[in-house]
Structure formats: structure tokens, C-alpha cells
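The values are calculated or read from the model by the stated rules, or taken from the named source; none is laboratory data. Here the structure is a predicted model, which means the values were calculated and not measured. Quick reminder, even Gly has a Cβ in these numbers, built from the backbone with ideal geometry, and neighbours come from all protein chains shown. Calculation scope for accessible area: heavy atoms of the full protein, side chains included, ligands and nucleic acids excluded. Shrake-Rupley method; radii C 1.70, N 1.55, O 1.52, S 1.80 Å.
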Amino acid sequence: MAKTGTTTQGLRTAIERSGYYPALVAEAVEAAVGGEPIASYLVHQETTFDSNEVRRHVTVLVLTARRFIVSHTDEQAADTSSPTPYATTSTESVKLDRISSVVVSRVVANPESYTPGTLPREVVLTIGWGAVARIDLEPAACGDPNCEADHGYTGNSTADDLSLRVSEAGDGPDTVRQTLVFAQSLSEATTAAPSSTGR
């Protein structure tokens with residue numbers, strides 16, 4: 001389930017509609033936002049299956065004029081550290097000029113007959129700001145198939161701080177549409193944000 005919009009009251013309503021510990025999630029998000037007006041938000045609740053357990057978690061993304069705020073809450077069953085079930089909530093606030101990439105991957109069916117404006121069947125929104133990077137390495141090689149020299153390694157470094165996947169089948173068309181709206185708002189905001197290196 002995902003909801004998007006632009007007001008503080010709308011954000012609280014969307015969190016309450018998700019039904020996932022709304023008082024806990026709303027308090028954490030509202031504390032992170034403070035008094036800043038909200039430009040856009042997205043609330044995404046997901047259920048996953050882990051062995052014999054069903055686990056839920058919610059991600060709330062908020063865009064203000066100066067910051068991108070991400071909040072994630074998930075629940076844990078009782079374990080050796082806690083005799084009762086518990087939830088963990090974290091929030092991170094990122095200045096817009098720190099966001100290095102906003103990647104929107106769209107999966108469309110029957111691309112040969114695609115009509116502009118048709119919703120993708122799946123969207124993956126990946127946002128990078130340098131807190132987490134993934135490095136994929138592999139042995140480097142030259143063009144000589146008989147060469148036995150050590151050419152070191154080659155690879156790619158990818159900013160991958162947040163990745164959110166929604167699908168029409170699992171989340172519904174409104175969720176896919178709302179994710180695209182939020183992604184566009186964030187992308188436009190990062191383009192307009194002044195660079196910290198230019199000061």
C-alpha cells in the first residue's frame with residue numbers, strides 16, 4: 001500500500017491508513033520533519049515471509065523544500081534480546097544537495113505495443129546519497145585467451161542507499177502511479193537544489 005500527497009495532515013492520514021503501528025510511525029516521521037512544509041510524501045507498507053513468520057514493515061519517504069527524509073519501521077518477534085515482540089523505527093534526514101542519484105526502473109509488458117502514459121507493471125525506485133555503496137568486483141582480463149598474467153580487478157561502485165519496489169500485481173495500480181509521482185517530485189527537487197560544492 002502506498003499513499004502520496006503534500007500536506008502534514010495528509011501524511012498522518014496515510015500513515016494511519018497503512019495500519020502499521022501508526023502512532024509510532026507518525027511520531028518518528030513528524031519529529032524528523034519538524035515544522036517544515038511537506039512538498040511530497042510516499043507511504044509504502046510491505047509484508048514479507050521469513051521462514052515460518054510473516055513480517056511487515058513500512059517505509060515513509062518525505063520531501064520538503066530542503067530535505068529528503070526516509071523512515072523505516074519493522075517488527076521483530078520475541079528473541080533472546082527481548083521476551084516480547086518489538087518494533088524498530090529509524091529516520092534519516094538528507095539535504096537535497098547530497099542526493100547523487102534518483103533511479104526509476106520501469107518494467108512494461110508488450111513493449112512493442114506500448115502507449116505513452118500506460119502504467120508500468122513494476123517500478124523500482126533507487127535513491128543514492130552516499131551513505132551506502134555497493135561494489136561489484138570481478139577479475140580483469142585482456143583480449144588474449146592464452147594470457148596468464150594477473151590483471152587485477154575491475155568493477156563498479158553503485159550508490160544504493162534506498163531501493164523501493166512496487167508492482168501492479170502486488171500493490172495495485174495506484175501505488176505504482178504514486179511512486180512515479182513521488183520519484184518525479186524528488187528528481188525535480190534535486191535538480192533545483194543548490195550544490196554544496198558551489199558555495
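Observations, loosely collected:
- Inter-label distance, Ser93 to Ala109: 4.4 nm, where each label sits 7 Å from its Cα along the C-beta direction.
- Local net charge near Ala65, Cβ-Cβ under 14 Å (Lys/Arg +1, Asp/Glu -1): 0
- Ordering 83-93, 8-18 by mean Cβ neighbour count within 10 Å, with the highest value first, yields 8-18, 83-93.
- FRET E, pair Arg12, Thr80, Förster distance 41 Å, beta-carbon r, rounded to 0.05: 0.70
- 11 Å beta-carbon shell around Arg165, net charge (K/R +1, D/E -1): -3
- Heavy-atom accessible surface of region 43-113, averaged per residue, reaches 59 Å², computed with a 1.4 Å probe.
- Carbon/sulfur fraction of accessible area - region 39-132, other protein chains in place, 1.4 Å, %: 50 percent
- Computed over neighbours whose Cβ is under 14 Å from that of Leu24, the net charge equals -3, Lys and Arg +1, Asp and Glu -1.
- Largest to smallest accessible area among Arg67, Arg165 [probe 1.4 Å]: Arg165, Arg67
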